[in-house]
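A.B. asks: Supplied in structure tokens, the structure appears directly below.
The values are calculated or read from the model by the stated rules, or taken from the named source; none is laboratory data. Small disclaimer: the values here were computed from a predicted structure and weren't measured. Every residue, glycine as well, gets a Cβ built from its backbone with ideal geometry; the counts of neighbours run over all protein chains shown. SASA here: full protein model, heavy atoms, side chains in, ligands and nucleic acids out. Shrake-Rupley method; radii C 1.70, N 1.55, O 1.52, S 1.80 Å.
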Amino acid sequence: MSQAERKSFDLLITGVGGQGAILASDIIGKAAVTAGLPIRAAETHGMAQRGGSVVNHIRVGKDYGSMIPKKGADLLLALEPMEAIRYLDFLKDGGIIIVNTHPIIPVTVTAGLTKYPEVSDILDVLSEKYIVKAFNADELAFEAGNRLAMNVVMVGAVSGYLPISKETLLDSVKALVPQKTIEINLRAFEAGRQKVEES
């Protein structure tokens, strides 16, 4: 049975403040409600507006608790490579990681206090136990018309795994992004979806 037929799915979205993780969660949440699926969501973020870590728990088709237990997530959607490592203990063994390979270099690195690992090394670690789909979502968003649409590229990338139809997700994108950016965001969604279908 495919995940789309199962009607239940635990998704963890991670990123840093300013990447649009909350909008990505809202798009999926609204689509689930439209589809008539029970959904529970929880957001935890520190200094989100200052580039701090952001994590959103989304539980589609579940009637209990809004927080995904450790080793409970079916899929980890990481808008930033290091954030995938940070929340890896929430992903079930053999789970799927969709990761944006474009790093956000923290202040501690630019100040010379610590080093940011090579993205290829991060992907190697992730690939040891998990199914990894990795690509530069920032580039795809730029090609779609605006780098800020990266979060919608990532929603498109995860769309094939969700128990929600593509059409319902696209309607949710149209409803939640600024009116003048709808076309860009629809292109961004399609670019992300296509990238994962190809890989």
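A.B. asks: With just the Cα atoms of the range 45-199, tell me how far they stretch along each of the three principal axes, in Å, largest first.
C.D. replies: Its Cα atoms span 43, 36, 32 Å along the three principal axes.
A.B. asks: Taking only C-alpha pairs under 8 Å that are 6+ residues apart, what is the relative contact order of the range 19-121 in percent?
C.D. replies: For the range 19-121, the relative contact order is 18 percent.
A.B. asks: Also, I was wondering about something else. Give the relative contact order (percent, whole number) for the range 155-199; include only Cα pairs under 8 Å separated by 6+ residues.
C.D. replies: After rounding, I find 58 percent.
A.B. asks: I need the phi-derived Karplus couplings for the range 76-83: 6.51 cos²θ - 1.76 cosθ + 1.60, θ = phi - 60°, integer Hz, Gly and Pro marked x.
C.D. replies: With coefficients 6.51, -1.76 and 1.60, one gets 10, 9, 9, 6, 8, x, 5, 5 Hz.
A.B. asks: What spacing in nm lies between the two simple spin-label points modelled at Thr44 and Asp93, each 7 Å away from Cα in the Cβ direction?
C.D. replies: 2.3 nm
A.B. asks: Can I ask one more? With a sphere of radius 11 Å drawn around the Cβ of Thr181, what net charge do the other residues whose Cβ falls strictly inside it have (Lys, Arg +1; Asp, Glu -1)?
C.D. replies: +2
A.B. asks: Moving to a separate point now. When Lys and Arg each count +1 and Asp and Glu each count -1, what net charge do the other residues less than 12 Å away from Met67, Cβ to Cβ, add up to?
C.D. replies: Summing Lys/Arg as +1 and Asp/Glu as -1 gives +2.
A.B. asks: Excluding Gly145 itself, what net charge comes from residues whose Cβ is under 10 Å from its Cβ, given Lys and Arg +1 and Asp and Glu -1?
C.D. replies: Summing Lys/Arg as +1 and Asp/Glu as -1 gives 0.
A.B. asks: Same structure again: Percent of accessible area on the chain owned by carbon and sulfur, 1.4 Å probe?
C.D. replies: Exposed carbon and sulfur together represent 53 percent of the surface.
A.B. asks: So what does the Cα-only Debye profile of the range 87-161 read at q = 0.13 Å⁻¹, as log10 I(q)/I(0), no solvent term?
C.D. replies: -0.48
A.B. asks: Follow-up. Among Ala35, Ala111, Ala21, which one moves the most in a GNM of the chain with springs linking Cα atoms closer than 10 Å?
C.D. replies: Result: Ala111 has the largest fluctuation of those listed.
A.B. asks: Here's a follow-up. Which entries in Lys7/Lys174; Lys7/Lys133; Lys62/Lys92; Lys92/Lys129 show an alpha-carbon gap greater than 18 Å?
C.D. replies: Lys7/Lys174; Lys7/Lys133, as the Cα separations exceed 18 Å there.
A.B. asks: Say each of Thr114 and Asp63 gets a label point 7 Å from the Cα, pointing the same way as Cα to Cβ; how far apart are those two points in nm?
C.D. replies: It works out to 4.2 nm between the two label points.
A.B. asks: When the chain is modelled as a GNM with alpha-carbon springs shorter than 10 Å, which of Leu88, Leu11, Leu75 fluctuates the most?
C.D. replies: Leu88
A.B. asks: Treating the Cα atoms of the range 1-132 as identical point scatterers in vacuum, please give the log10 of the normalised Debye intensity I(q)/I(0) at q = 0.12, 0.18, 0.20 Å⁻¹, two decimals.
C.D. replies: With no solvent term, the Cα-only Debye profile gives -0.47, -0.99, -1.18.
A.B. asks: If r is the Cβ-Cβ distance from Lys70 to Asp171 and R0 is 30 Å, what FRET efficiency results, to the nearest 0.05?
C.D. replies: 0.35
A.B. asks: Please compute the per residue accessible area over the chain with all protein chains in place, 1.4 Å probe, rounded to a whole number of Å².
C.D. replies: 48 Å²
A.B. asks: Most mobile of Arg86, Arg59, Arg40 per a Gaussian network model of the chain (Cα springs, under 10 Å)?
C.D. replies: Between Arg86, Arg59, Arg40, it is Arg86 that shows the largest mean-square fluctuation.
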